[in-house]
Amino acid sequence: MSTTAEKPAAPDSEPGAAGPTAAGKRQPSTGRRPGKTGKVRRLTRRDRLVLAIMVGLPTLIQLLLVWLPTLFSIGLSFTRWNGLDLKDIKPAGTDNYSFVFKDYPPFWPAVQHNILWLVFLALIATPLGLLLAVLLDQKIRGSKIYQSIFFTPVMLSLALIGIIWQLFYNRDSGLLNYLLGTAGKPQAVDWFGDSNVNIWAAMVAATWRHAGYVMILYLAGLKGVDPSLKEAAAIDGANAVQTFFRVVFPAMRPVNIVIVVITIIESLRAFDIVYVINRGTNGLELLSALVIQNLVGEGQVIGVGSALAVILLVISLIPIVFYLIRTFGKESKA
């Protein structure tokens, strides 16, 4: 009795490879190996065009509105020009800078006022914003409402804030003199007209806005602090004040650096509020106001105004460069 030899079994086919089916037909191969991902899709011409517009347009706007005027200002600071005819531009070397530092009366008072502005924001406005942030971080009832109230001035321009505080400081009908009982009387204080007090009044108005800005930044920083740090400090016996200043505040070091830089820049670029009050004169001289006074108006002196703008630019770059060095320096070490 003869037996038929059994055919050897076909090796198992790999997953995804073409092989026989129950019907005897072969499945088309997918062309992919197991564990392999598809090829990265190349950018189409349309994608490249969209990316070019998204990157190129903002760069072009910044080039036209920021960098070119900056370069022109640097160049004009070494010239004499009345701003009327390009043919009248004459080289002046460093005469404009020499005039600003030695013979321009409002310059050094403006420098002193900017320093005073910085000290006031750093010692009064910034700690006030920190205090508001700590209080509102305690999950008190209506915290969101209070945050909105304190943040509202940040959404207003400094020019509008100057107008609002003019109503508050008005000598004859202002709310402050009314509360003091001197409104409409000879002993009423002219808060914005008296050169001995108007700088302080203006800084209080600026604090109203700056404190709200600092509050929001510190609130974000407080939300990012690890709760376990507070718990560890409490276990070690630290009270609330010790926990904040020895644990929480140092943990917000990145936020602290940002706020220091912002405070310095805010003190340097302060302009709107003093220009609304009295165009930056009579006790309210600031570097930014002096720049506008020399660049705009009948008595414009383009060279001197440009020199003042360059001086303000150099001073402003100091905190910016400091911030960039601290930020990118940490990333490179990491």
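With the crude spin-label approximation of a point 7 Å out along Cα→Cβ, what separation in nm comes out for ARG141 versus VAL111?
In this crude spin-label approximation the distance works out to 5.5 nm.
R0 = 25 Å: FRET efficiency of ASP190 with ARG279, Cβ-based, nearest 0.05? Intermediate results must be reported in sequence, preceding the final value.
Numbers: r = 16 Å, r/R0 = 0.66.
The value I calculate is 0.95.
Taking 0.36 nm per residue of separation and subtracting the Cα-Cα distance, what length does fully extending LEU131 through ILE164 add? Write out the running numbers ahead of the final one.
Numbers: separation 33, 0.36 × 33 = 11.88 nm, distance 2.45 nm.
Residue separation times 0.36 nm, minus the Cα-Cα distance, leaves 9.4 nm.
Quick check on packing: order 280-287, 57-64, 169-176 by the mean number of other C-beta atoms within 10 Å, highest mean leading. Before the final figure, lay out the partial values.
Numbers: 280-287: 21.2, 57-64: 10.4, 169-176: 17.0.
The packing order, highest mean first, is 280-287, 169-176, 57-64.
Just how large is the dipole of region 107-284 about the Cα centre, in debye to the nearest 20, putting +1 at every Lys and Arg Cβ and -1 at every Asp and Glu Cβ? The partial results should precede the final answer.
Details: 12 positive and 9 negative charges, 49 e Å.
Charge dipole of region 107-284: 240 debye, to the nearest 20.
Between ARG253 and LEU68, what is 0.36 nm times their sequence separation minus the Cα-Cα distance? Round to one decimal in nm. Walk me through the numbers on the way to the answer.
Details: separation 185, 0.36 × 185 = 66.60 nm, distance 3.52 nm.
Stretched fully, the ARG253-LEU68 segment lengthens by 63.1 nm.
Can you tell me the length gained on complete extension of the stretch ILE61 to SER173, counting 0.36 nm per residue apart and subtracting the Cα distance?
Values: separation 112, 0.36 × 112 = 40.32 nm, distance 4.54 nm.
Fully extending the segment from ILE61 to SER173 adds 35.8 nm.
Mind ordering 210-216, 223-229 by average Cβ neighbours within 10 Å, highest first?
The peptides rank, most packed first, as 210-216, 223-229.
Quick one: if you stick a label point 7 Å off each Cα along the C-beta vector at LYS90 and LEU317, how many nm between them?
2.9
Whole number in Å², please: accessible area per residue of the chain, 1.4 Å probe, ligands, DNA and RNA not counted.
Values: 22170 Å² over 334 residues.
Value for the chain: 66 Å² per residue.
What is the percent carbon and sulfur in the accessible area of the chain, measuring with a 1.4 Å probe over the protein chains and ignoring ligands?
Working: 14400 of 22170 Å².
Here it works out to 65 percent.
The values are calculated or read from the model by the stated rules, or taken from the named source; none is laboratory data. Predicted model, so just to flag it, every value in this text is computed and none were measured. With ideal geometry, Cβ positions are generated from the backbone for all residues, glycine too; neighbour counts draw on all protein chains shown. To get the accessible areas, we keep the full protein, side chains included, count just its heavy atoms, and leave off ligands, DNA and RNA. Shrake-Rupley method; radii C 1.70, N 1.55, O 1.52, S 1.80 Å.
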